[in-house]
Amino acid sequence: MDVNDLDALTITTIRTLAMDAVQKANSGHPGAPMGLAPAAYVLWGRIMRYDPSAPEWPDRDRFVLSAGHASMLLYAALHLFGFGIGLDDIKSFRQWASHTPGHPEFADTPGVDTTTGPLGQGFGNSVGLAVAERMLAARYNRSGHDVVDHRTWVVCSDGDMMEGISHEAGSLAGFLRLGRLNVVYDDNRVSLSGPTSMTFSEDVTARFSAYGWHTVTVEDGNDIAALEAAMRGAIDDERPSLIRVRTHIAFGSPHKQDTFQAHGSPLGEDEIKATKQGYGWPEDAHFLVPDEVYQHCHGLTERGRSARRDWEETLAKWRDAEPDLAAQWERVLARRLPEGWDDVVPEFPADDKGDATRASAGKALNALSGVLPELVGGSADLDPSTNTHLGDAGVGDVVAGDYSGRNIQFGVREHLMGALANGLSLHGGLRPFVATFFMFYDYMKNPVRLAALMGQPVVFVYTHDSVGLGEDGPTHQPVENLAALRAVPFLYLYRPADANEAAEAWKAAVARTDAPSALVLTRQKVPVLDRSRLAPADGLHRGGYVLKDTPSTPDVILIATGSEVHLALEATERLEGEGIAARVVSMPCFRLFDEQVAEYRDSVLPAQVTARVSVEAASPFGWDRYIGPHGVAVALDRFGASAPGDVVMEKLGFTVANVVDAARRAMGKDPR
Ligand SMILES: Cc1ncc(C[n+]2csc(CCOP(=O)(O)OP(=O)(O)O)c2C)c(N)n1
Ligand SMILES: [Mg+2]
């Protein structure tokens, strides 16, 4: 390679930075960055639209390194092209408090548009980023001024393509004809433990052609003219594009190129020297960036800087022409809520027959959608069951070629749905919600966790929340999911007891702009509680509250969530008959309750009242923190069964008699 050529010099700098950083950290993944360095150089140098001095420019192209393990590729590019990543950051790759963590982390590093590492997630996020771009373009581009006009670039590896979510992503992106989604596929034919031929033989381009994508192959991953031509071809095509690039993992390493040994460990000092020698690079230099490389890369960023200046002018003209729209745009980008937004949420009158919380939550959502145009979302083919279709506001579906609607039909693709929602939120300008049965949270576990890790306020709506759903049986009846979701840091899970708590839960979820929420809702009807005789539902905003109290210090406290709150209330009447004073605490959100000041928590669960019972039709895991060592959990340590919901609940012990017995046992009395 001719290192006098500035293109080659820059590419070699990316390769050597990756080798050196991984060697110094004594961990990391040098191989993929070495193979992909030319593609990255062409992307940042010639193709992508960005201004490194404004990494959050709303109309920048988004970049997703779905193969997050190749993080040094991204960090090297961000460093050379002038983002706020210094050589010191590169030298502290993978160290405590560095801006260059092992896998790219959103909000940690300027220029990182999403957190990646779990293979396939980034690809899913990228579909959301591309959908968001089209949806916002449909809303905000007016008067001949295009204020939303960018693309989403993705790098996927073999592992990304093996993951099932790549099918969901390819399928929906093709269906929605997301022409601004362009994927570079690093076809290096090696994965973590050997050649991909061990497990992977399909024709990936044929697969994506079948999804309706434009596909193209670059046979030599070092041919920058061919890479550029393929990327420009992708830009010109109205379909999403897959650019398959035949690369060589650890390109140039005499002993490790094309082997899995180059995937995830340092090459070793001797191998690095030999590789640098082959590149025509000073073999003893570490973290070397020639001055001319900095200058060259800086020059290449002028294209994006000038694009942003032009955009600022367009924005100013558009703002003059469309002041109301511009005000809304600024509000939604800042995730500010309009004055009085929550006044629209209905209050539900007391009603013994009641309604399913999925139904009341659906009404609250529809009311909110009328005042919050940024609220968009849908379900995985379950709208009639999850009650999440936005019908009241007269908004349509997002479809290929017309992205002005607000309902997104995800099809039966839960994993993608979660990852896509994260992309919608990360893009900015939208507040996404997604819905499915609570049991199928399992299929979207990683996206939910990543929403929490990235601080994205996605609302996950989960209906059919317990064995109480009945006939569909144990495959559809969650038992362990409440415990699992409550264990996710920074996630706010609400299991409302009735219609008014469901409405408050939606308000809480919308008001929170820096963390995700999960709303866990019943299929079956539950009474709308008579709040004139009980505490108001806005107690939900403290996580847990005394719903029904006793005149003096209670003998026992019954703590319940969701549909079981009603059982606890009924049990208090029976207990009163026995001269036992029982307080009922509704505990819709553990995390929020735990965040309250000690005085409040103690007022709800006074330390001196040690007789405590939890009532929740789910695994007891996690309840000991509230019921303590003497407490009794009315819970489930088994799977459910297929039968009418009330029969299942009764057979599995969710009866007034059982709750009363549990209260007696908690008080140290014999059961009746
Ligand atoms: C969901 C998931 N499973 C497993 C891993 C662990 N892992 C990291 S990279 C990798 C495969 C590497 O192959 P490829 O994607 O082709 O990357 P390359 O070796 O070419 O860099 C695996 C299994 C992961 N990061 N995410
Ligand atoms: Mg590979």
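Looking only at residues in the stretch 183-223 that are in a helix (DSSP H, G or I) and buried (at least 20 other Cβ atoms within 10 Å of the Cβ), which one is farthest from ligand 1 (Cβ to nearest atom)?
Kept after step one, since they are in a helix (DSSP H, G or I), are these residues of the stretch 183-223: 196-198, 204-210.
If we keep only those that are buried (at least 20 other Cβ atoms within 10 Å of the Cβ) as well, we get 204, 208.
Details: Val204: 12, Phe208: 17 Å.
The residue in question is Phe208.
Looking at the stretch 376-409 only, could you name the residues that are outside any loop (DSSP other than H, G, I, E, B) and either surrounded by fewer than 23 Cβ atoms within 10 Å (Cβ to Cβ) or out of contact with any helix residue (DSSP H, G or I) (no Cβ under 6 Å at 6 or more places or on another chain) (or both)?
Hits for the stretch 376-409 are Val376, Gly377, Gly378, Asp383, Pro384, Ser385, Thr386, Asp397, Val399, Asp402, Asn407.
Any idea which of Ala39, Ala25 is touching a residue at least 40 places away in the same chain (Cβ under 8 Å), of a type outside the set (Asp, Glu) and crowded, with 22+ Cβ neighbours inside 10 Å?
Ala39
For the stretch 104-117, does any single residue satisfy the condition of being in contact with a helix residue (DSSP H, G or I) (Cβ under 6 Å, 6 or more places away or on another chain) and aromatic (Phe, Trp, Tyr)? Working first, answer last.
In the first step, residues of the stretch 104-117 are kept if they are in contact with a helix residue (DSSP H, G or I) (Cβ under 6 Å, 6 or more places away or on another chain); the result is 104, 106, 111, 114-117.
Keeping just the survivors that are aromatic (Phe, Trp, Tyr) gives 106.
Yes, the stretch 104-117 has at least one match.
Which numbered condition in (1) more than 25 Å from Val488 (Cα to Cα); (2) of a type in the set (A, V, I, L, M); (3) in a loop (DSSP other than H, G, I, E, B) is the only one that Val412 fails?
(1)
Please go through the stretch 233-263 and pick out each residue that is more than 16 Å from ligand 2 (Cβ to nearest atom) and closer than 18 Å to Ala37 by Cα. Outline the logic, then answer.
Our first condition is that a residue be more than 16 Å from ligand 2 (Cβ to nearest atom); within the stretch 233-263, this holds for 233-241, 252, 254-255.
Matches in the stretch 233-263: Gly252, Pro254.
Starting from the stretch 65-92, take each residue that is farther than 18 Å from Thr114 by Cα and list its partners that are within 16 Å of ligand 2 (Cβ to nearest atom), counting only C-beta distances under 9 angstrom and pairs at least six apart or across chains.
Ile90/Met72
Within the stretch 346-370, work out how many residues are in a helix (DSSP H, G or I) and not small (Gly, Ala, Ser). Please lay out each step first, then the result.
Residues of the stretch 346-370 in a helix (DSSP H, G or I): 357-370.
This time we only want the ones that are not small (Gly, Ala, Ser), so: 357-358, 363, 365-366, 368.
Total meeting the criteria: 6.
Which pairs do you get when a residue that is more than 16 Å from Asp637 (Cα to Cα), found in the stretch 653-672, comes within reach of a residue that is outside any helix (DSSP H, G or I) and aromatic (Phe, Trp, Tyr), reach meaning Cβ atoms under 6 angstrom, with the pair 6+ apart or on two chains?
Matching pairs, first to second residue: none at all.
Quickly run through the stretch 176-197 and pick out the residues that are more than 19 Å from Gln121 (Cα to Cα) and either within 12 Å of ligand 2 (Cβ to nearest atom) or among the aromatic types (Phe, Trp, Tyr) (or both).
Asn188, Arg189, Val190, Ser193, Gly194, Pro195, Thr196, Ser197, listed by residue number.
For the stretch 19-49, what are the residues that are more than 12 Å from ligand 1 (Cβ to nearest atom) and under 28 Å from the mean Cα position of the chain (by Cα)?
Ser27, Ala39, Ala40, Leu43, Trp44, Ile47, Met48, Arg49
Output the residues belonging to the stretch 62-82 that are crowded, with 23+ Cβ neighbours inside 10 Å and in a loop (DSSP other than H, G, I, E, B). Show your work before the answer.
Going through the stretch 62-82, the residues crowded, with 23+ Cβ neighbours inside 10 Å turn out to be 62-81.
The answer is Ser66, Ala67, Phe81.
Which one is nearest to ligand 1 (Cβ to nearest atom), of the residues in the stretch 137-167 that are more than 30 Å from Ala307 (Cβ to Cβ) and in contact with a Gly (Cβ under 7 Å, 6 or more places away or on another chain)? It would help to see each step written out before you state the result.
First, pick out the residues of the stretch 137-167 that are more than 30 Å from Ala307 (Cβ to Cβ): 158-159, 161-167.
Then keep just the ones that are in contact with a Gly (Cβ under 7 Å, 6 or more places away or on another chain); that gives 163, 165-166.
Details: Glu163: 6, Ile165: 9, Ser166: 11 Å.
Per the stated criteria, the residue is Glu163.
Give the stretch 336-345 a look and list any residue that's crowded, with 16+ Cβ neighbours inside 10 Å and part of a loop (DSSP other than H, G, I, E, B), or say none.
Answer for the stretch 336-345, where residues must be crowded, with 16+ Cβ neighbours inside 10 Å and part of a loop (DSSP other than H, G, I, E, B): Leu337, Val345.
Could you look through the stretch 249-276, keep only residues that are within 16 Å of ligand 1 (Cβ to nearest atom), outside any loop (DSSP other than H, G, I, E, B) and not aromatic (Phe, Trp, Tyr), and pick out the one that is farthest from Val289 (Cα to Cα)? If you could, list the steps in order and put the result at the bottom.
Taking the stretch 249-276 as the starting set, the residues that turn out to be within 16 Å of ligand 1 (Cβ to nearest atom) are 249-253, 256-267.
Filter again for outside any loop (DSSP other than H, G, I, E, B), leaving 260-262.
Now narrow it down to the ones that are not aromatic (Phe, Trp, Tyr): 261-262.
Numbers: Gln261: 26, Ala262: 23 Å.
For the stretch 249-276, the residue satisfying everything is Gln261.
Among (1) over 25 Å from the mean Cα position of the chain (by Cα); (2) on the phi > 0 side of the Ramachandran plot; (3) more than 16 Å from ligand 1 (Cβ to nearest atom), where does Arg177 come up short?
Condition (1) is where Arg177 drops out.
Go through Arg531, Arg542, Arg449, Arg495 for me and flag whichever is among the basic types (Lys, Arg) and closer than 30 Å to Thr116 by Cβ.
On the way: Arg531 fails: closer than 30 Å to Thr116 by Cβ; Arg542 fails: closer than 30 Å to Thr116 by Cβ; Arg495 fails: closer than 30 Å to Thr116 by Cβ.
The unique qualifying residue is Arg449.
What are the residues in the stretch 159-173 that are closer than 13 Å to His415 by Cα and within 16 Å of ligand 2 (Cβ to nearest atom), if any?
Glu163, Ser166, listed by residue number.
Please go through the stretch 88-114 and give me each residue that is surrounded by 20 or more Cβ atoms within 10 Å (Cβ to Cβ) and touching a Lys or Arg at 6+ places or on another chain (Cβ under 6 Å), ordered by number.
Matches in the stretch 88-114: Asp113 only.
Where a number appears in this text, it was derived from the coordinates with a stated rule and is not lab data. Values in this document were obtained by computation on a predicted structure and should not be read as measured data. Counting neighbours? That spans all protein chains shown, and the Cβs are built from the backbone with ideal geometry, glycine included.
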